[in-house]
Every structure is written in C-alpha cells, then in structure tokens.
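Heads up: the structure comes next, in structure tokens.
Every number in this text was worked out from the coordinates using simple rules, so none of it is lab data. All values derive from a computational prediction rather than experimental measurement. Here the Cβ is made from the backbone with ideal geometry for all residues, glycine too, and neighbour counts use every protein chain on show.
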C-alpha cells in the first residue's frame, strides 16, 4: 500500500515540475517570480493545454525567454502579456479575457443549453397534449367503404 501511495505521489509531483531551464532563470528573484507568474498564464502553442511554464517544447522555451527579456527591459506584466497576445492572438492566454468575441463565445454555451431545455419542454408538452381522435362519423365511414369498393 505504501509503495502505491509513493508511486502516485511521485507521478503527481513529476507532473507539476516546471520546465524552466537553469539558463532561463533570472538572477533578480522578484523579476523571476513575475516571469513565472506570467508564464503560468500563457498557453504553449504546441502543447495546446499546458502553460509555457510546464512545457518542454521549443516554442515554450522561446516564449519564456521572451517574457524574461521584456521584464528585464522594464515592461510591466500587462505590457508583456499584451505584446505576446498581439503577436500570437488571444489563443495564447490560458484564461481568455471576457471581451469582444470571447464574451459571445462564453455566453453561447449557457444560452444554447437554455434553448435546448426550452425545446425539450415544447416537445414534451406537445407529446402530452396529443388528443385521441374522435371516432368516424357515419358519412366518413360510407366514403371509406365506397373508396375501398372501387
């Protein structure tokens, strides 16, 4: 049991290890902390759902270096993120902002869910309201007999 726990612990721990290489680490600890914070919020363009802080890909490494270079040049965190978004688009943000088309995309899911619930209600209410047809009148039965005899 202990071995299983240790194995699971090491697997979970290995998954959370950042991919920042020693050559990328800044000597200024405050700037390094800011760089790590920004890196955790940017998506790796190759790995799709990993931050550039976690990814070992070449483009993630290039983006980490770019973040650190911009911070060393005196840019604010927002300026660094804005620069990267202007080059790669909002896709690079792990948590896109809720402006413009993103706002519409964020709202479309719940809206379509509500439309689906409403349509389901309409279909169910229509199915429950189906009435039993009235029996045929004598005239209708005679017409059917004439048609079937022809």
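Remarks
- Estimated at 0.36 nm per residue, the fully extended path between residue 78 and residue 49 surpasses their Cα-Cα distance by 8.3 nm.
- Where labels lie 7 Å past Cα in the beta-carbon direction, separation of residue 112 and residue 31 in nm: 4.5
- For the stretch 106-150 versus the stretch 22-97, the gap between their alpha-carbon centres in whole angstrom: 58
- Taking each residue as 0.36 nm, the span from residue 122 to residue 144 lengthens on full extension beyond its C-alpha to C-alpha distance by 4.4 nm.
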